[in-house]
Amino acid sequence: MPPHICEVCKVSRAQILRPRNHARVCAPCFISLFESEVAETISSTTLFQPGERVAIGASGGKDSTVLASVLKTLNDRHGWNLDLVLLSVDEGITGYRDHSLEAVKRNSADLGLPLKIVSYEDLYGWSMDQVVAQIGKKGNCTYCGVFRRQALDRGAAMLNVGHVVTGHNADDVAETVLMNLLRGDLPRLSRATSIITSTPSAARASVARDEKAEVTFTNVKRSKPLMYAYEKEIVMYAHHKKLDYFSTECLYSPEAFRGSARTLIKNLERIRPESILDVVRSGVDMAKLVPTGDGKSQGACTKTKAPEVAAADDEEADGGCGTSNSKADGNSMAAMEKKLQQDAQAEADGNETEVKLPSQSVNGQRHDRDHTHEAYSSLSPSAKFDGQDHDRHTTQPTTTVPIRTKQEKKSGRKTNRDAPAPKQRLGQCERCGYLSSQAVCKACVLLEGLNKARPRTGVEVGDGG
Amino acid sequence: MPGRRGAAPTDFSLCRRCQSNDPTITVRTEPLCDACFCKYVATKVVKRMETFRVRHSEPGYERTLLLPLSFGAGSTTLLHLLSEHLKGQVEKTRRTGFKLHLLHIADGSRSTASPTVEALLEKVKQRYPEHSYSISHLSDALALEDVRTLLGNDSKDDESHSLEGSDSDKFERLIASVGSATSRADVFQLLKLKLIVHFAKSKDCEAILWGDSTTKLAERTLAETAKGRGFALPWTVADGESPHGMQLYYPMRELLSKEIASFASIVDPPLDELILRNEARVAVSTRNTTIDDLMKQYFESVERDYPSIVANVVRTTGKLQAASLSEIEKQCELCEMPLDGQAPERSRLCYGCIRALPQAAG
């Protein structure tokens with residue numbers, strides 16, 4: 001069979017078959033397409049302000065390594081004038097994180113970007129190795145994830161950076177869309193497909209942007225510039241650019257819902273590679289149909305605070321990693337099945353006693369809400385904050401990246417006809433000041449548990465603001 | 001029994017509901033006997049037929065509802081249940097809230113009609129002679145005006161063929177031109193739907209009753225998501241008005257596929273001989289697997305271990321809020337879903353349909 005010729009330059013031999021459109025291209029053309037697609041995502045969503053300080057959540061894995069390399073390249077090429085820094089979290093997992101941090105350090109040197117490492121040990125007084133020694137191998141993902149979310153925000157605040165970009169890629173987003181459909185969690189589905197999420201204070205800060213507002217760890221924006229990029233292409237980009245990354249993944253298998261969704265996505269990709277981006281597109285479109293008052297408190301009850309807080313706060317549970325589901329048996333699907341059955345039974349018996357909101361729903365809705373809370377407080381956070389990837393682009397050659405404006409979100413909320421009464425109020429943790437719907441945030445609760453068993457250490461949370 | 005507070009202590013070795021027979025099947029968490037199980041299934045369906053009760057029908061005018069019969073377990077069981085339901089209405093009130101018209105769409109064209117299907121239809125007619133029956137062929141969809149306009153473009157190229165070719169030839173050509181197994185299945189589905197809706201309108205039917213189970217609706221939710229039609233999800237599982245200009249109802253929406261299969265065997269005489277089994281066509285190679293097949297296999301396993309999660313997917317999808325029908329300005333010419341903002345500019349098709357039929361996108 002004669003070799004295919006690159007469809008772009010028509011000169012070189014094609015080496016890459018692109019999953020999004022079956023185009024056959026050579027490596028140099030691929031690199032430039034990939035970069036211009038990410039640039040298109042960024043510019044069509046106005047992701048960055050000129051001169052903005054941006055921290056790249058860097059784990060040393062392929063996604064964040066590619067993200068750092070692409071952003072650096074684009075920043076230089078297009079004169080965006082961004083002030084880029086690498087931000088890594090050291091969970092303190094010997095044999096895993098110490099090696100990947102070496103990769104981050106090399107990247108930092110190669111790209112000439114400053115690197116900040118924040119460690120769990122410094123922030124919380126506990127490394128993950130110590131946590132595991134204390135509580136065992138099961139359920140420690142909860143700790144890891146809850147701690148990571150705050151660690152990134154605290155790290156960003158220390159650097160006075162108000163915007164953290166992560167490497168979530170199209171496969172991750174598609175997986176999260178399917179997972180949240182299975183789990184019945186529409187609010188989180190809608191957040192997962194939003195290219196940028198911000199905390200309330202960040203939203204406020206952006207209104208008065210020109211002020212030299214101090215960045216605190218409660219007003220850091222998150223975005224995912226690679227959310228339209230295929231994982232496969234990220235790997236290819238890293239390969240052809242000869243990027244130095246660390247490819248070991250966390251040792252723990254994903255929890256049941258995510259694992260199930262991941263398998264499904266991989267099978268879909270085999271049948272029709274375009275379907276990954278089609279799922280992402282579907283998710284973005286569905287997000288516009290999500291009744292915002294329902295399911296989660298982010299709607300009606302947070303008027304005084306900025307509305308997206310819940311979203312951002314909650315994101316920790318979106319992550320990829322853990323086996324840890326709150327109920328600790330490691331099977332979130334089984335736990336949810338049980339809960340749904342109990343609720344159905346209670347309804348059938350007509351003796352449901354739990355006092356719930358009188359919403360219009362069949363009981364499923366109440367379940368969702370409960371489940372959400374549970375997940376909210378204790379699901380494992382994403383192990384992959386660092387690891388997500390990129391690759392933007394939609395299914396069509398002309399990319400339009402849908403993004404919901406704040407106005408849209410707000411008006412959507414207002415029109416919601418039956419917003420439930422406030423359930424959670426986004427406030428700040430009374431101990432550490434982090435965003436939380438509870439009096440004491442999850443991290444402080446977890447820390448309290450840990451510290452009880454180690455009385456010599458007091459509750460110790462880094463003071464980020 | 002719903003609503004009953006146990007006076008006597010429950011005997012866990014007996015059917016949870018009647019407490020007199022041995023249980024034969026476990027539904028969700030309850031062990032039930034055959035009789036109570038059948039009652040459970042019938043109740044779930046009849047409850048969804050509220051709109052069409054006798055008291056809601058005008059005397060002297062009988063509504064006709066179309067039931068598309070694929071000879072699958074779902075539609076056949078629905079036919080059975082509604083037949084029983086109508087008998088009950090007659091006994092109680094001497095009239096019925098509606099009458100049924102059944103329509104089978106045979107794959108392919110008239111010339112390729114399968115003898116199995118004809119034989120099955122005869123058996124069904126014998127068992128339920130009180131309804132009217134029709135059969136139509138998928139290739140008839142090509143005669144529909146909007147399908148002609150939609151597919152008109154590409155036949156310009158080879159006019160000699162399109163002028164002479166019969167509908168079934170054209171149909172074969174159209175299907176052959178569709179790229180992948182998934183797209184072919186998608187186009188089949190959409191043409192079938194168009195044909196059924198067209199038929200329902202031509203017979204002045206008030207609504208179409210589908211035999212889809214919860215499991216089937218969950219499969220469809222994820223399949224449509226994967227095909228890029230997430231924007232249309234509220235319409236794919238909703239009861240009532242639809243963008244097709246016809247009311248659609250899913251009376252079996254609270255039953256799992258496995259429950260329907262059990263019911264079809266338990267009912268006396270069993271429905272099994274009226275049901276066309278096509279398990280055989282689980283494709284081995286990825287090449288011929290469709291997204292629909294994949295979701296079917298996936299939910300078969302989810303249903304086994306986590307039936308409530310299946311039901312929850314459908315409930316969740318039902319919570320998505322669609323724009324009201326009156327706000328729809330433009331619809332996809334193939335799937336008829338609202339196009340607003342969901343398609344490239346000036347496109348006649350939505351993203352999902354462009355994926356399936358890129359040549360018609362123009």
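Miscellaneous remarks
- Filtered residues of the range B:174-230 (kept if within 12 Å of another protein chain (Cβ to nearest Cβ) and at positive phi): B:GLY228
- Set B:SER75, B:SER13, B:SER57, B:SER83: member being open to solvent by 60 Å² or more (accessible area, probe 1.4 Å) and of a type outside the set (D, E, K, R): B:SER13
- Among the candidates B:SER257, B:SER265, the residue that is away from chain A (no Cβ under 14 Å), of a type in the set (Gly, Ala, Ser) and surrounded by 21 or more Cβ atoms within 10 Å (Cβ to Cβ) is uniquely B:SER257.
- Condition met for A:THR176 (under 18 Å from the mean Cα position of the chain (by Cα), under 30 Å from B:GLY228 (Cα atoms), at pLDDT below 90 and β-branched (Val, Ile, Thr)): no
- Output for the range A:42-76, where each listed residue is without any contact (Cβ under 8 Å) to a residue 40 or more places away in the chain, open to solvent by 10 Å² or more (accessible area, probe 1.4 Å) and of a type outside the set (Ser, Thr, Tyr): A:PRO50, A:GLY51, A:ASN75, A:ASP76
- The residues of the range B:298-340 that are closer than 14 Å to B:SER242 by Cα and facing another protein chain (nearest Cβ under 9 Å), listed by number, are B:GLY318, B:GLN321, B:ALA322, B:ALA323.
- Here A:MET286, A:MET333 are screened, and the one residue that is aliphatic (A, V, I, L, M), at pLDDT 85 or above, surrounded by fewer than 23 Cβ atoms within 10 Å (Cβ to Cβ) and assigned to a helix (DSSP H, G or I) is A:MET333.
- Taking the listed residues A:LEU123, A:LEU113, A:LEU101, the one that is part of a loop (DSSP other than H, G, I, E, B) and open to solvent by less than 20 Å² (accessible area, probe 1.4 Å) is A:LEU113, with no other qualifying.
- Looking across the range A:204-234, the residues that are farther than 16 Å from A:ALA156 by Cα and either modelled with pLDDT under 95 or in a strand (DSSP E or B) (or both) come down to A:ARG204, A:SER206, A:VAL207, A:ALA208, A:ARG209, A:ASP210, A:GLU211.
- Where A:LYS138 falls short, out of the listed (1) modelled with pLDDT of 90 or more; (2) part of a loop (DSSP other than H, G, I, E, B): (1)
- Residue in the range A:166-183 that is nearest to B:VAL313 (Cα to Cα), counting only those that are in contact with a Lys or Arg (Cβ under 7 Å, 6 or more places away or on another chain) and not in a helix (DSSP H, G or I): A:HIS168
- Selection status of B:THR51, open to solvent by 50 Å² or more (accessible area, probe 1.4 Å) and more than 13 Å from every other protein chain (Cβ to nearest Cβ): yes
- B:LEU103 meets each of the listed conditions (1) outside any loop (DSSP other than H, G, I, E, B); (2) modelled with pLDDT under 95 apart from (2).
- Considering the range A:150-165, and only residues there that are in a helix (DSSP H, G or I) and not acidic (Asp, Glu), the residue that is most open to solvent (accessible area, probe 1.4 Å) turns out to be A:MET158.
The values are calculated or read from the model by the stated rules, or taken from the named source; none is laboratory data. These numbers were taken from a predicted model, which means no experiment stands behind them. Because the Cβ atoms are built from the backbone with ideal geometry, glycine has one as well, and the counts that use them run over all protein chains shown. Heavy atoms of the whole protein, side chains included, go into the accessibility calculation; ligands, DNA and RNA do not. Shrake-Rupley method; radii C 1.70, N 1.55, O 1.52, S 1.80 Å.
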